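Structure record follows, encoded as structure tokens.
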Amino acid sequence: MSNKGYFGQWGGAFIPEVLFETFQELKEAFAEARQDEQFWREYVNLMSTYSCRPTPLTFAENLTRHFGGARIYIKREDLNHTGAHKANNVMGQGMLVKRMGKKRVIAETGAGQHGVATATMAAKFGFECTIYMGEEDIMRQRPNVFWMEKLGATVVTVTSGTRTLKDAINEAFRDWVTRMDDTHYVLGTVCGPHPFPEMVAWFQSIIGQEANRQIQEQFGALPDRVYACVGGGSNAMGIFQGFLDHPEVELVGVEAGGRGLDSGRHASRLAGTDGSAGVAQGYKTMFLQNDEGQMQDTHSVAAGLDYVGVSPILADLWEKGRVRFEAATDEEVMAALDLTMKKEGLIPALESSHAFVQAFKEVGDIETDKAVIINMSGRGDKDIFTIAHAFDDPSWKEFIIAKGDEYVAR
Amino acid sequence: MSLAEDIKQIQSKQDKKILLMTHIVLGYPSFEVNRGVVRQMVENGVDLIEMQIPFSEPMADGPVIVKANQDALENGTTVAQCLEFAAEITETYDIPFLFMTYYNILFKYGEEDFFKKAKKINIKGLIVPDMPPEEGETYFSRARKYELAPIMIFAPTSTNARMKNLAGYGDGFIYCVARKGVTGTQTSFDDEFNNYIGRCRQATDLPLAVGFGISAREDVDYLIGKADIAVIGTKTIKLVEKKGVDSVGLFIKGLRR
Ligand SMILES: Cc1ncc(COP(=O)(O)O)c(C=O)c1O
């Protein structure tokens, strides 16, 4: 990476002047923390006492038998406190906020996992907290909205643009340019202006460090392939960093295929051919945009993957051929989720289920003495409404109707 | 003639205490309304106009301009139409016009082609809030090559050293953002502001334009002697929304004695 935050031709910091000094301060605080071995030790300690690190690597015996190919291991980021890998980034940035002496944090959220993690961190560290969330995402991830509010955060409904993640990011920036003195913007993924991609990737690298060690302990060798879903790319970068130096390990990023790559209703920036280079939200990457540079409406059943841009680090690794990109459709995701629940008793988040889809497509063709890792970035509890709806679950519907009647009667 | 020369000429010829620059969002609510608004503005003495090419992610703008961008795009406004409209307007009126937009619009059009086109249709300068000098190697060299003033932005958070550095890249005038935040909320003109504008003055010999939250004659009056150009943005957009195109002229006239 260059000192201006470029990964190959991707990245940079296209920020308004009013934030220039704020970014200088953040870059310095991050550089100091990175130099300071004590900081990382404290971070690991915090994550192992407040969250559940190291998260286990689970051998999925039944799924392995079912597909009859390589051994399937699952990295259990769902067992982090708050239920997803998002906590890794958030707690790390929280420690930086303390160092910088700021008192208020803001964040965008799509699936609500990053919002819940930020609200949790704010409660623990004693920060004021405001979360920006698109109206469409609020509707589909309602349980997380409830928890954010209960944790003491203010949740602001974003009604501009496409009312999803990118619009929440814009609103968070608008807040930040107004209150940068006391506020830190806890960006939730490896996107945005430098130093966010590098910083978030650093905190998330804890996933890959553990996974590399664990697979060697349990399986005795490195895996053949590693699968991760890619929204902004933070869980993927997290686990990939444990294997980037081993070219024999193939890294596979799985984007949201939505209704299919040909449908125009997806969020695949790198898989497929709809993405093109652009500059928005403070950085340069591959975006889903029209010929004139207007961002497009994206679609995915998974709110956390429903985003127009992708990490500049991953765009670079894609361009260099180090990471292969695939897409999983909404329908495939539901099937993979169902199978994983039935076979392993695990409930992956809709986002994470994208990684399972691609692994399931390939694993039967890999020799049985090989292994693959699927990064289970989060748990599916937050998706109960969406999943119940997709399965058209009769008893759940009855329950919701009864509950509705109960509230109406009062 | 360059933008800097234009501004000097307006200042000397017309003996104005302060110049006025106004802002429109192209295609909002329609090009037809844009046409009427520009006419009212020019006929009532506006000295410069910035025309915003709408972008789907207007990060530095407040709610009113965000909505204007969004509505313009939903109406089907394209960059191509904006360029065509701008060509017509610069043909019609003899004041300097600038483009304001976000960098992706230039990037997707092709930076070189965009500068070439803007020059060809007699645009005098560009305001691109997400283009800092650190990212602008080709942007600034092309601005020089095509003699389009790259308008640099100062903010209250800019240090003196930073202002000096920024001014070195700029031409035409400096856009001094009056306060932190996005477009559209009122600015309080107090000691803190005076101190800031003093620092701006120290940092550059270029004319100073002050924008963000200027909405009334008192604001413009206050800036006389402190700045060279007062920028009216959100206010006229709201005015057109509420009272229609014909209300613009009187409002503009009332901003200066
Ligand atoms: C469980 C889970 N996985 C994945 C993602 C996608 O983000 P990223 O690509 O940054 O890991 C999200 C985002 O909300 C998420 O909640």
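The values are calculated or read from the model by the stated rules, or taken from the named source; none is laboratory data. Only a predicted model underlies this, so the values are computations on that prediction, with no experimental measurement involved. Please note: Cβ atoms are built from the backbone with ideal geometry, for glycine as well, and neighbour counts cover all protein chains shown.
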- So, first residue under 22 Å from A:Glu351 (Cα atoms) in segment A:59-83, second residue aromatic (Phe, Trp, Tyr) and assigned to a loop (DSSP other than H, G, I, E, B), Cβ within less than 8 Å, six or more apart or across chains; the pairs are A:His81/A:Tyr50
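State yes or no: is A:Tyr43 among the hydroxyl-bearing types (Ser, Thr, Tyr), touching a residue at least 40 places away in the same chain (Cβ under 8 Å), away from chain B (no Cβ under 14 Å) and over 29 Å from A:Thr285 (Cβ atoms)?
Working: among the hydroxyl-bearing types (Ser, Thr, Tyr): yes; touching a residue at least 40 places away in the same chain (Cβ under 8 Å): yes; away from chain B (no Cβ under 14 Å): yes; over 29 Å from A:Thr285 (Cβ atoms): no.
No: the conditions fail for A:Tyr43.
Within segment A:133-160, track down each residue that is part of a loop (DSSP other than H, G, I, E, B) and either of a type in the set (A, V, I, L, M, F, W, C) or surrounded by 24 or more Cβ atoms within 10 Å (Cβ to Cβ) (or both). Write out each step before concluding.
Quick first cut of segment A:133-160, residues part of a loop (DSSP other than H, G, I, E, B) only: A:141, A:151-153, A:159-160.
Scanning segment A:133-160 gives A:Gln141, A:Leu151, A:Ala153.
Are any residues in segment B:80-102 within 11 Å of chain A (Cβ to nearest Cβ) and buried (at least 24 other Cβ atoms within 10 Å of the Cβ), and if so, which ones? Outline the logic, then answer.
Taking segment B:80-102 and keeping what is within 11 Å of chain A (Cβ to nearest Cβ), we get B:80-83, B:101-102.
Correct list: B:Cys82, B:Thr101, B:Tyr102.
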- Message: Given the criteria within 14 Å of chain B (Cβ to nearest Cβ), surrounded by fewer than 19 Cβ atoms within 10 Å (Cβ to Cβ), more than 16 Å from the ligand (Cβ to nearest atom) and of a type in the set (Lys, Arg), does A:Lys124 qualify?
- Response: no
- Message: What pairs come out if I take residues in segment B:89-114 that are closer than 21 Å to B:Ala68 by Cβ and pair them with residues that are assigned to a helix (DSSP H, G or I) and among the hydroxyl-bearing types (Ser, Thr, Tyr) whose C-beta lies under 6 Å away, six or more apart or interchain?
- Response: B:Phe97/B:Thr90
- In segment A:283-295, the residues that are touching a residue at least 24 places away in the same chain (Cβ under 8 Å) and more than 7 Å from chain B (Cβ to nearest Cβ): A:Tyr283, A:Lys284, A:Thr285, A:Met286
- Task: Just one of (1) at pLDDT 95 or above; (2) surrounded by fewer than 24 Cβ atoms within 10 Å (Cβ to Cβ) trips up A:Phe7, so point out which.
- Result: (2)
- Are any of the residues in segment A:230-244 near the ligand (Cβ under 8 Å from one of its atoms), at positive phi and small (Gly, Ala, Ser)? yes
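Quick check on my filter: what residues within segment A:305-333 are away from every other protein chain (no Cβ under 14 Å) and in contact with a Ser or Thr (Cβ under 8 Å, 6 or more places away or on another chain)? Talk me through it step by step, then tell me what you get.
As a first pass, look at segment A:305-333 and keep what is away from every other protein chain (no Cβ under 14 Å): A:305-306, A:310-311, A:313-333.
A:Asp306, A:Val310, A:Ser311, A:Ala315, A:Phe325, A:Ala327, A:Ala328, A:Asp330, A:Val333, listed by residue number.
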- Message: Take the residues in segment A:99-112 that are touching a residue at least 12 places away in the same chain (Cβ under 8 Å) and under 18 Å from A:Arg179 (Cβ atoms); name whichever of them is farthest from the ligand (Cβ to nearest atom).
- Response: A:Lys103
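Restricting attention to segment A:349-371, does a residue exist that is outside any helix (DSSP H, G or I) and within 16 Å of the ligand (Cβ to nearest atom)? First the steps, then the outcome.
Within segment A:349-371, the subset outside any helix (DSSP H, G or I) is A:349, A:364-371.
When the remaining residues are screened for being within 16 Å of the ligand (Cβ to nearest atom), the result is A:349.
Within segment A:349-371, one or more residues are outside any helix (DSSP H, G or I) and within 16 Å of the ligand (Cβ to nearest atom).
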- Note on the structure: All conditions in (1) closer than 30 Å to B:Asn75 by Cα; (2) more than 16 Å from the ligand (Cβ to nearest atom); (3) of a type in the set (Asp, Glu) are true of A:Glu217 except (1)
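Can you name the residue in segment A:377-394 that is touching a helix residue (DSSP H, G or I) at 6+ places or on another chain (Cβ under 9 Å) and farther than 17 Å from A:Val116 by Cβ and is also farthest from the ligand (Cβ to nearest atom) among such residues? Outline the logic, then answer.
The first filter runs over segment A:377-394 and keeps only residues touching a helix residue (DSSP H, G or I) at 6+ places or on another chain (Cβ under 9 Å), leaving A:377-391, A:393.
If we keep only those that are farther than 17 Å from A:Val116 by Cβ as well, we get A:387-391, A:393.
Numbers: A:Ile387: 13, A:Ala388: 18, A:His389: 18, A:Ala390: 17, A:Phe391: 19, A:Asp393: 21 Å.
Residue satisfying both the conditions and the ranking: A:Asp393.
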- Do we find that A:Ile374 is out of contact with any Gly (no Cβ under 6 Å at 6 or more places or on another chain), at negative phi, modelled with pLDDT of 95 or more and in a strand (DSSP E or B) in this structure? yes
- Message: Go through segment B:157-190 and report how many residues are in contact (Cβ under 8 Å) with a residue 40 or more places away in the chain and surrounded by fewer than 18 Cβ atoms within 10 Å (Cβ to Cβ).
- Response: 3
- Item | Residues being in a strand (DSSP E or B), surrounded by 18 or more Cβ atoms within 10 Å (Cβ to Cβ) and more than 16 Å from the ligand (Cβ to nearest atom) - total across segment A:52-88 | 5
- Message: What pairs come out if I take residues in segment B:65-80 that are touching a residue at least 60 places away in the same chain (Cβ under 8 Å) and pair them with residues that are in a helix (DSSP H, G or I) whose C-beta lies under 7 Å away, six or more apart or interchain?
- Response: B:Ile65/B:Thr234; B:Ile65/B:Ile237; B:Ala68/B:Ile237
- Message: Against the conditions (1) within 14 Å of chain B (Cβ to nearest Cβ); (2) within 19 Å of A:Thr189 (Cα to Cα), where does A:Ser276 fall short? Just the number, please.
- Response: (2)
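Kindly evaluate B:Ile197 against the criterion of being β-branched (Val, Ile, Thr) and away from every other protein chain (no Cβ under 11 Å). Outline the logic, then answer.
Working: β-branched (Val, Ile, Thr): yes; away from every other protein chain (no Cβ under 11 Å): yes.
Taking the combined requirement at face value, the residue satisfies it.
Residue-by-condition table, conditions (1) farther than 18 Å from A:Thr273 by Cβ; (2) more than 14 Å from the ligand (Cβ to nearest atom); (3) acidic (Asp, Glu); (4) not assigned by TED's automatic domain parsing to the domain that holds A:Val252:
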position	(1), (2), (3), (4)
A:Val301	yes, no, no, no
A:Asp306	yes, no, yes, no
A:Leu314	no, no, no, no
A:Glu319	no, yes, yes, no
A:Arg324	no, yes, no, no
A:Ile347	yes, no, no, no
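Consider A:Phe14 carefully, then state whether it is among the aromatic types (Phe, Trp, Tyr), assigned to a loop (DSSP other than H, G, I, E, B) and either under 29 Å from B:Thr157 (Cα atoms) or within 14 Å of chain B (Cβ to nearest Cβ) (or both). Give the steps one after another, and end with the answer.
Numbers: among the aromatic types (Phe, Trp, Tyr): yes; assigned to a loop (DSSP other than H, G, I, E, B): yes; either under 29 Å from B:Thr157 (Cα atoms) or within 14 Å of chain B (Cβ to nearest Cβ) (or both): yes.
Against the criterion (among the aromatic types (Phe, Trp, Tyr), assigned to a loop (DSSP other than H, G, I, E, B) and either under 29 Å from B:Thr157 (Cα atoms) or within 14 Å of chain B (Cβ to nearest Cβ) (or both)), A:Phe14 qualifies.
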